[in-house]
Amino acid sequence: MGLVNLQTVIAKDLLRLPQILNEELDKSLDDLGDKLVDKVRSKMRRDTGRGQASVKAKVTGRGLRKRLDVESKLVQVAVDEEGRRPGAPMPPSQAARLVSWARRKGFTNTFVLARSIGKKGIRANRPFARTQKEERSLMTRSVQAGLNRAGNRLNGGA
């Protein structure tokens, strides 16, 4: 193979690099997102399952500027993550949820329960923060695996 042919092959591979990186990082981040969602769900408080079911992973961006978000838009998930400080007023929308939760758990006096939450607050469980802290090596390995697969594809693999 002559020098001109070698340069042509390298140039073609380099032109494919952004597409290959994008595909392999997408695969890695999708798999990582599924694993992180499962780990967050396993750390959450359990009740009806709506909170766990609401946790989703989403990959955005392109090339090396990708972002993986694991999130939920439910208020009760935010309370599970951040807690509720003592003395904070209960949002009116949460009163009905507290009553239905109390019924499921067998409490008859929801006033006493609401007053106790008002005085003591709700301890933060932090399923998202704990997962992020505990799974740093999994996150690093997943991204490295995607980059390795991209390199293998450029080297004539898959």
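The values are calculated or read from the model by the stated rules, or taken from the named source; none is laboratory data. Since this is a predicted model, take the numbers as computed values, not measurements. With ideal geometry, Cβ positions are generated from the backbone for all residues, glycine too; neighbour counts draw on all protein chains shown.
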Query raised in the report: Quick one: would you say Ala57 is hydrophobic (A, V, I, L, M, F, W, C) and assigned to a loop (DSSP other than H, G, I, E, B)?
Result: no
Query raised in the report: Going by the conditions given, is Gln94 assigned by TED's automatic domain parsing to the domain that holds Lys39 and either under 23 Å from Arg46 (Cβ atoms) or not aliphatic (A, V, I, L, M) (or both)?
Result: no
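Do we find that Leu147 is closer than 30 Å to Leu15 by Cα, of a type in the set (A, V, I, L, M, F, W, C), assigned by TED's automatic domain parsing to the domain that holds Leu14 and in contact (Cβ under 8 Å) with a residue 12 or more places away in the chain in this structure? Steps first, answer last, please.
Values: closer than 30 Å to Leu15 by Cα: yes; of a type in the set (A, V, I, L, M, F, W, C): yes; assigned by TED's automatic domain parsing to the domain that holds Leu14: yes; in contact (Cβ under 8 Å) with a residue 12 or more places away in the chain: yes.
In short, yes.
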Query raised in the report: Which of the residues that make up the stretch 124-158 are within 11 Å of Ile20 (Cβ to Cβ) and touching an Asp or Glu at 6+ places or on another chain (Cβ under 8 Å)?
Result: Gly146, Leu147, Arg149, Ala150, Arg153, Leu154
Query raised in the report: If a residue has to be surrounded by fewer than 17 Cβ atoms within 10 Å (Cβ to Cβ), at pLDDT 90 or above and in a loop (DSSP other than H, G, I, E, B) to count, how many in the stretch 63-82 make the cut?
Result: 2
Report summary line: Here the residues within the stretch 30-47 that are closer than 20 Å to Arg123 by Cα and either part of a loop (DSSP other than H, G, I, E, B) or hydrophobic (A, V, I, L, M, F, W, C) (or both) are Val40, Met44, Arg45, Arg46, Asp47
Query raised in the report: Does Met44 satisfy the condition of being assigned by TED's automatic domain parsing to the domain that holds Leu14, in contact with a helix residue (DSSP H, G or I) (Cβ under 8 Å, 6 or more places away or on another chain) and over 30 Å from Leu14 (Cβ atoms)?
Result: yes
Report task. Scan the stretch 98-111 for residues that are part of a helix (DSSP H, G or I) and polar (S, T, N, Q) and jot them down. Result -> Ser100, Thr110
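Among Ala95, Ala150, Ala88, Ala158, which is the only one that is at pLDDT below 90, in a helix (DSSP H, G or I) and either aromatic (Phe, Trp, Tyr) or surrounded by fewer than 16 Cβ atoms within 10 Å (Cβ to Cβ) (or both)?
The conditions single out Ala95.
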Query raised in the report: Does the stretch 104-112 include one or more residues that are surrounded by 14 or more Cβ atoms within 10 Å (Cβ to Cβ) and touching a helix residue (DSSP H, G or I) at 6+ places or on another chain (Cβ under 6 Å)?
Result: yes
